[in-house]
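Q: Please read through the structure below; I'll follow up with questions.
The values are calculated or read from the model by the stated rules, or taken from the named source; none is laboratory data. Every value quoted in this text rests on a predicted model; they were computed, and no experiment measured them. For neighbour counting, all protein chains shown are included, and Cβ atoms are generated from backbone atoms with ideal geometry for every residue, glycine included.
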């Protein structure tokens, strides 16, 4: 049970109703609908940060799932495990991103390993990222991708804290898919 009421289509304030036009917009929007002024700012930002861009879905899901696991966000890990699988990651890769096995055992691509080292440094660091990690990332990713991937880590961290603090619920469908795919 969420710590705040998740707004429904029937109870949506006037300024939030567009988000409910197609039915249930999901727990994040349903919680943000408590404050429609934030909903109108947050959802377009999140859509831009997490949505389609020049970066393919697979690396985006590497960032989102790994960051969510490091931040211990139950909701986001559950929500993005099936998305990562659908993006082409295999069971071991997903398990490694979820911190259930060693990253180096599951990933061999140098660009992906450099990205994962960057994610680990940004998401768990207490300040400046080590030069070797930054140089490793720059060897495989152009600067505009580095900027976007770093925003993606930060946006994911924001969502992780939001979802964890409010204890947003995972859907039954997501929980069933996790069980079917062998994830707790």
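Q: Assess whether residue 37 counts as being surrounded by fewer than 19 Cβ atoms within 10 Å (Cβ to Cβ) and assigned to a helix (DSSP H, G or I).
A: Numbers: surrounded by fewer than 19 Cβ atoms within 10 Å (Cβ to Cβ): yes; assigned to a helix (DSSP H, G or I): yes.
Yes, satisfied.
Q: Check 147, 119 and return the single one that is in a helix (DSSP H, G or I), free of Cβ contacts under 8 Å to residues at least 24 places away in the same chain and either surrounded by 11 or more Cβ atoms within 10 Å (Cβ to Cβ) or touching a strand residue (DSSP E or B) at 6+ places or on another chain (Cβ under 9 Å) (or both). It would help to see each step written out before you state the result.
A: Details: 119 fails: free of Cβ contacts under 8 Å to residues at least 24 places away in the same chain.
Selected residue: 147, the only one of 147, 119 that is in a helix (DSSP H, G or I), free of Cβ contacts under 8 Å to residues at least 24 places away in the same chain and either surrounded by 11 or more Cβ atoms within 10 Å (Cβ to Cβ) or touching a strand residue (DSSP E or B) at 6+ places or on another chain (Cβ under 9 Å) (or both).
Q: With respect to residue 5, is the statement that it is farther than 19 Å from residue 160 by Cβ and part of a helix (DSSP H, G or I) true? Walk me through it before giving the result.
A: On the way: farther than 19 Å from residue 160 by Cβ: yes; part of a helix (DSSP H, G or I): no.
No, not satisfied.
Q: Another question, then. When you go through 12, 21, 84, 69 one by one, which is the residue that is crowded, with 20+ Cβ neighbours inside 10 Å and over 20 Å from the mean Cα position of the chain (by Cα)? First the steps, then the outcome.
A: Working: 21 fails: crowded, with 20+ Cβ neighbours inside 10 Å; 84 fails: over 20 Å from the mean Cα position of the chain (by Cα); 69 fails: over 20 Å from the mean Cα position of the chain (by Cα).
Selected residue: 12, the only one of 12, 21, 84, 69 that is crowded, with 20+ Cβ neighbours inside 10 Å and over 20 Å from the mean Cα position of the chain (by Cα).
Q: Taking residue 135 as meeting all but one of (1) more than 15 Å from the chain's Cα centre (by Cα); (2) under 19 Å from residue 49 (Cα atoms); (3) assigned to a helix (DSSP H, G or I), write down the number of the exception.
A: (2)
Q: Then there's this: Scan 78, 139, 114 and give me the residue that is closer than 27 Å to residue 182 by Cβ and assigned by TED's automatic domain parsing to the domain that holds residue 171. Spell out the reasoning first.
A: On the way: 139 fails: closer than 27 Å to residue 182 by Cβ; 114 fails: closer than 27 Å to residue 182 by Cβ.
On inspection, the qualifying residue turns out to be 78.
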